[in-house]
Amino acid sequence: MTDALASSSDERKLEESNNRILQFVEDVTTNVVQIQERVLNDILSSNAGVEYLLRQGLNGRTDRETFKKLIPVVTYEDVKPDIDRVVNGEPASIICSKPISEFSTSSGTSRGENKLIPMSEEELERKLLFFSLLMPVMNQFVPDFHKGKTMHFLFVREEAKTPGGLLARPLLTSIQKRSYFKEKTYNNPYTDYSSPKETILCTDSFQSMYSQMLCGLWYGDQVLRVGAIFASAFVRAIHFLEKHWRLLCHDIRTGTLNPRITDPSVREAVARIVKPNPELAEFIEKECSQESWKGIIPRIWRNTKYIDVVVTGAMAQYIPTLNYFGNDLPLVSTSYASSECCIAVNLNPLSKPSEVAYTIIPTMAYFEFLPVSREIGVPEPNPVEVVDLVDVKLGQEYEVVVTSYAGLYRYRVGDILRVAGFKNNTPQFNFVCRKNVALSIDSDKTDEVELHNAVMNASNILLPFGASIIEYTSHPNTSTIPGHYVLYWEISQSSENAIPPHVFEDCCLAVEESLNSVYRECRVSDKSIGALEIRIVENGTFDKMMDYAIANGGSSINQYKTPRCVTHAPMVEHLDSRVISNYFSPKPPEWAPGHKHWSTN
Ligand code: AMP
């Protein structure tokens, strides 16, 4: 067969495969009622013998009414004892009929440690199917991505072994390490990554980022789309380029690799790609040495059509930075997924970030929705009010509740969604926020209670100086790259007993040491969060903040509570204009892979 014939038959096959996938989306979103019923039936019948369901008295029944009557709506804390038993080596059949192949370490935490989400081989396959829906959808809007490269910054994280001998690692690390990724994905025309797999699988964040950036630069005009999973990682990649472009250009000019890259497999993989190219090095140097970095992404990767990053939820804080570097290239949030369950796809990927609506894929799990109100003073939702996927109301906000194929039953994921419309008969949702999260820079999620406990721990350091914290609040500062947590403290202190700066630095570190393991992993391993900062503000600052809030928000003094996190720009300006001094953590906090009480492999 000639090349031309081979490629036209490849094109036809690709078109057929895309059409099949789009038809699948049409079908499942049309027949959502029947599909959800079938999913629940499949889950309950195949798990009829699991201890958790027997304990609730389900006794093999699979009908929806009995399920809803007997099985409680739960949080991770409720099911943690059962999950922990499997983690510690008891049989998977406590929660799931299928063998648990590993645990996904969610970025959500419980008691300071990653939540451990049970995973089966079958569930991993389901998740891979979910991700295979994304490019055929995109292809309808901007075609021909299979004709070029994707510069997608992907990173794996350290793994640990549970006491029961199973791997515990993030879902994406697992997907990236699977043989599927190593073999099949590289033959998928849409995942022709500029990063060779060795650079992605390298756990040293500097070496991985450097070598991925080098190859991405090398492929230049062949790159048709750029991105990362979350906006924070891509912003960090561009910042990395800002810092290291001279070294990277040197490597491109000479066809060599910086000696800081010591991993032999990475060196070998990069050497296969990067050859001396002085002309390209000069072009990149010219762009990077310009004073303004506005539009640097399309200036360097001239054929890129969009930036593939999640910019909804907490990631929306990176939109202005990405618009600056991307010169308003479309920012595309393709999907909404979690370790617990792949949930929804953005079927209109070029929509504005503020209008992104994700369509639930009803074959992924059985979905229910708990109505919520974020207004102050409204009580917690009553689990009896949980409604099915097809019964949600346009405009109403809900917390998503999933029953998965891998051992979670009526489990509250912790995300708040708002019904934005329908695709065929299936609801579409805006991602509103993660419940209770006060601060987030990357995959970290710090709630008010964790923040409060951390601040209280640190405040003990001030006691010997006769000082204490009168009020505090916080702000996720993303004007630095990487972003960092800023705490504003108003303190009372005696005038005789001056507090030396190192004491406040110790306070910064004490706060960091008290935060959850995902925060500390981001600080230590990923380096995706910068050193925590404490800004001491003038006395009276928080009173003035209350006056401002009451004058502008209609709250009364009785009702007013100091917000533990501020993002409203005038409030942040108010605080910043009253800063007397500021301090940073002198070093990263302690962190090691695995739960505190496990050994790591
Ligand atoms: P993990 O459990 O570490 O896989 O993190 C999953 C969580 O990340 C979800 O529960 C959401 O809170 C958040 N997330 C995932 N996808 C999106 C998205 N498209 N928009 C906003 N937040 C997201």
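Worth a mention:
- Taken over the stretch 314-366, the criterion of being part of a helix (DSSP H, G or I) and within 13 Å of the ligand (Cβ to nearest atom) is satisfied by 314, 315, 316, 317, 318, 319, 353, 354.
- Of all the numbered requirements in (1) away from the ligand (no atom under 14 Å from the Cβ); (2) closer than 26 Å to residue 25 by Cα; (3) not in a loop (DSSP other than H, G, I, E, B), residue 79 misses one, and that requirement is (2).
- Here residue 537 meets the list (1) within 28 Å of the chain's Cα centre (by Cα); (2) buried (at least 18 other Cβ atoms within 10 Å of the Cβ) almost entirely, failing just condition (1).
- Residue match in the stretch 203-225 (condition: within 16 Å of the ligand (Cβ to nearest atom), in contact (Cβ under 8 Å) with a residue 24 or more places away in the chain and within 21 Å of residue 339 (Cβ to Cβ)): no
- Filter pass, residue 236 being touching a residue at least 24 places away in the same chain (Cβ under 8 Å) and farther than 30 Å from residue 443 by Cβ: no
- Search result, residues across the stretch 429-445 that are within 13 Å of the ligand (Cβ to nearest atom) and either in a strand (DSSP E or B) or in contact with a Gly (Cβ under 9 Å, 6 or more places away or on another chain) (or both): 429, 430, 431, 432, 433, 434, 435, 436, 437, 440, 442, 445
- Where residue 407 falls short, out of the listed (1) within 16 Å of the chain's Cα centre (by Cα); (2) surrounded by 23 or more Cβ atoms within 10 Å (Cβ to Cβ); (3) closer than 23 Å to residue 343 by Cα: (1)
- Spans of strands (runs of 3 or more DSSP E) in the stretch 89-184 with at least 3 residues more than 16 Å from the ligand (Cβ to nearest atom): 149-153
- Pairs with Cβ under 9 Å, 6+ apart, first in the stretch 285-302 and assigned to a loop (DSSP other than H, G, I, E, B), second of a type in the set (S, T, N, Q): 294/327; 295/327
- For the stretch 89-115, taking the residues that are out of contact with any helix residue (DSSP H, G or I) (no Cβ under 6 Å at 6 or more places or on another chain) and modelled with pLDDT of 95 or more, the one that is surrounded by the most Cβ atoms within 10 Å (Cβ to Cβ) is identified as 96.
- Check on residue 247, in contact with a Leu (Cβ under 7 Å, 6 or more places away or on another chain), of a type outside the set (S, T, N, Q) and under 17 Å from residue 280 (Cα atoms): no
- Among the numbered conditions (1) farther than 28 Å from residue 520 by Cα; (2) buried (at least 19 other Cβ atoms within 10 Å of the Cβ); (3) β-branched (Val, Ile, Thr), the only one that residue 419 does not meet is (2).
- The set of residues from the stretch 217-241 being farther than 16 Å from residue 326 by Cα and assigned to a helix (DSSP H, G or I) comprises 218, 219, 222.
- Search result, residues across the stretch 267-292 that are in contact with a Leu (Cβ under 8 Å, 6 or more places away or on another chain) and farther than 15 Å from residue 245 by Cα: 267, 270, 271, 274
The values are calculated or read from the model by the stated rules, or taken from the named source; none is laboratory data. This structure is a prediction, so every number in the text was calculated from the model and none was measured. Every residue, glycine as well, gets a Cβ built from its backbone with ideal geometry; the counts of neighbours run over all protein chains shown.
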